[in-house]
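Undergrad: This is the structure I have questions about; it appears just below.
The values are calculated or read from the model by the stated rules, or taken from the named source; none is laboratory data. These numbers come from a predicted model, not from an experiment. Backbone-built Cβ (ideal geometry, glycine too); neighbour counts: all protein chains shown. Note: areas computed on protein heavy atoms with side chains; ligands, DNA, RNA excluded. Shrake-Rupley method; radii C 1.70, N 1.55, O 1.52, S 1.80 Å.
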Amino acid sequence: MATGQLFSRTTQALFYNYKQLPIQRMLDFDFLCGRETPSVAGIINPGAEGFQKLFFGQEEIAIPVHSTIEAACAAHPTADVFINFASYRSAAASSMSALKQPTIRVVAIIAEGVPESDTKQLIAYARSNNKVVIGPATVGGIQAGAFKIGDTAGTIDNIVHCKLYRPGSVGFVSKSGGMSNEMYNTIARVTDGIYEGIAIGGDVFPGSTLSDHILRFNNIPQVKMMVVLGELGGRDEYSLVEALKQGKVNKPVVAWVSGTCARLFKSEVQFGHAGAKSGGEMESAQAKNQALREAGAVVPTSYEALEATIKETFEQLVEEGKITPVKEVKPPQIPEDLNSAIKSGKVRAPTHIISTISDDRGEEPCYAGVPMSSIVEQGLGV
């Protein structure tokens, strides 16, 4: 597992299985952050080659499309992140192919439902070759002001609201992708924002763990405090407990394990993620929160109190002189797509074709003065 920062403002990625919206969101984030080069170097679309037109700010750019992982890695040797949008049926095989490429350092697997035996093989290969797997079942990760994976952090409006266009002082890691978006907002309200955020994925066997990323954050000078959001089920949080007990983490850690409501149900509850199912008392949210608290993490009494706890920890670090809050900057305006601007009434576009022979006035469209029904009934040509 990597011991420091995963991404930077020059990080470039290969995107597997073409999806227009998440790629465009990555490019819009690049422009928002003032990056000089797009973060997507190439697209891998099995069986297809050529280019895809996308926008980098106001400029339209052509991103190369390759038919194989090997060809893409050879054409873009500086791209070291592989973003895998393949379905669960092929995600494991394509991820393993990517991990075996010498240029690839980080693989993010978005798909849910990847067979656990396949995931274990990916994890074993990555760890033995000093590579990082984020996921499966992840929305990805983001380094504020530098690089983001796919749909991480949602729309541009949300990214601006959460101040993700410039780095803050908080390292954040979560099992849940949806809750990571919520926490970016929470953290931005009461601190100077995040430096890096990772959603490890909700599967039983994540490619990288909560403690893997906390230990990384501990080695990044710009990260002054960490926030962890776990959930009931599994024992991943206990590796963080051990790291805290052994003194491997010397920065404040604010942690909360969700799922305390599970005890209100008479039978065992399966929450949204495959891994969010308590297998006994040790895997309950209450037990893990207590263990984290005893190990030295700052653990609130409830999720509702988490925001206030983060705020209090941040303000104490500022008061001690350990954090100098990041100065706010104004991000550039992302150009709006023409279609959405027309729909919202912000612009009007002239017609490109004027026809003097067809007419849609009246009860029925006419062509050269003949009603359309007559043209169909008589089999006339146009």
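Undergrad: What FRET efficiency would be calculated for the residue pair Arg293, Glu364, taking the C-beta separation as r and a Förster radius of 51 Å, to the nearest 0.05?
TA: 0.10
Undergrad: Along the charge dipole of segment 12-320, which of Pro300, Thr155, Ile187 sits closest to the positive end, that is, farthest toward it, with unit charges on the beta carbon of Lys, Arg, Asp and Glu (+1, +1, -1, -1)?
TA: Among Pro300, Thr155, Ile187, the one farthest towards the positive end of the dipole of segment 12-320 is Pro300.
Undergrad: Would you work out what percent of the accessible area of the chain, with all protein chains in place, is carbon or sulfur (probe 1.4 Å)?
TA: Ligands and nucleic acids excluded, carbon and sulfur reach 53 percent.
Undergrad: Of the chain, which part is the longest with no GluC sites (Glu not before Pro) in a loop (DSSP not H, G, I, E, B) and with at most 16 other C-beta atoms within 10 angstrom?
TA: That gives 50-267 as the longest site-free run.
Undergrad: Provide the gained length on full extension for the span Glu182 to Thr351, in nm with one decimal, where the gain is 0.36 nm per separating residue minus the Cα-Cα distance.
TA: Extra length from Glu182 to Thr351 when fully extended: 56.6 nm.
Undergrad: In what sequence, highest mean first, do 339-351, 78-90 appear when ranked by Cβ atoms within 10 angstrom?
TA: Order by mean packing, descending: 78-90, 339-351.
Undergrad: Once fully extended, how much extra length lies between Lys251 and Glu320, figured as 0.36 nm per residue of separation less the alpha-carbon to alpha-carbon distance?
TA: 23.5 nm
Undergrad: Once you have the alpha carbon radius of gyration of segment 338-378, what is it after dividing by 2.2 N^0.38 Å, with N set to its residue count?
TA: 1.70
Undergrad: For segment 129-204, what does the accessible surface come to per residue with a 1.4 Å probe? Please give it in Å².
TA: That works out to 21 Å² for each residue.
Undergrad: Using only DSSP helix segments of four residues or longer, with each worth -39500 (n - 2.57), what per-residue ellipticity at 222 nm results for the chain after dividing by its residue count and rounding to 500?
TA: Calculated at 222 nm, the ellipticity per residue is -9000 deg cm²/dmol.
Undergrad: Most fluctuating residue of Pro102, Pro115, Pro136 in a GNM of the chain with Cα springs under 10 Å: which is it?
TA: Ranking Pro102, Pro115, Pro136 by mean-square fluctuation puts Pro102 first.
Undergrad: Can you give the FRET efficiency to the nearest 0.05 for Met96 and Phe55, using r as the Cβ-Cβ distance and R₀ = 45 Å?
TA: Rounded to the nearest 0.05, the efficiency is 0.85.
Undergrad: Something else about it: How much area per residue is accessible in segment 1-88 when the probe is 1.4 Å and only protein heavy atoms are counted (Å²)?
TA: Here the per-residue accessible area is 43 Å².
Undergrad: DSSP beta bridges in the chain, what fraction antiparallel, as a percent rounded to 5?
TA: Within the chain, antiparallel bridges account for around 35 percent of the total.
Undergrad: In addition: Quote the accessible area belonging to Tyr238 in square angstrom, nearest 10, computed with a 1.4 Å probe and with ligands, DNA and RNA left uncounted.
TA: Estimated to the nearest 10 Å², Tyr238 gives 40 Å².
Undergrad: Which value, in nm² and rounded to one decimal, describes the direction-averaged projected area of the C-alpha convex hull of the chain?
TA: Here the figure is 26.0 nm², rounded to one decimal.
Undergrad: Say R0 is 41 Å: what FRET efficiency, to the nearest 0.05, do Ala124 and Lys330 get from their beta-carbon distance?
TA: 0.30
Undergrad: With a 1.4 Å probe and all protein chains kept in place, how much accessible area does Phe56 have, in Å² rounded to the nearest 10?
TA: 30 Å²
Undergrad: Taking the Cα centre of the chain as the origin and placing charges on Cβ (Lys, Arg +1; Asp, Glu -1), which of Ile323, Ile61, Gln24 is farthest toward the positive end of the dipole?
TA: Ile323
Undergrad: Using a cut-off of 17 Å between alpha-carbon atoms, which aspartates and glutamates can reach Lys311, once sequence neighbours fewer than 8 places away in the same chain are excluded?
TA: Cα-Cα hits under 17 Å: Glu182, Asp192, Glu319, Glu320.
Undergrad: Filter the cross-link list Lys163/Lys288; Lys53/Lys343; Lys248/Lys330; Lys288/Lys327; Lys19/Lys175; Lys19/Lys327 down to pairs whose alpha-carbon distance in this structure exceeds 28 Å.
TA: Lys163/Lys288; Lys248/Lys330; Lys288/Lys327; Lys19/Lys327
Undergrad: Suppose every Lys and Arg Cβ carries +1 and every Asp and Glu Cβ carries -1, with no other charges. What dipole size does the chain come out with about its Cα centre, to the nearest 20 debye?
TA: Its charge dipole is roughly 1060 debye.
Undergrad: Could you tell me which of Phe172, Ala2, Gly141 has its Cα farthest along the dipole of the chain towards the positive end, charges placed at Cβ (Lys, Arg +1; Asp, Glu -1), taken about the Cα centre?
TA: In the chain, that residue is Ala2.
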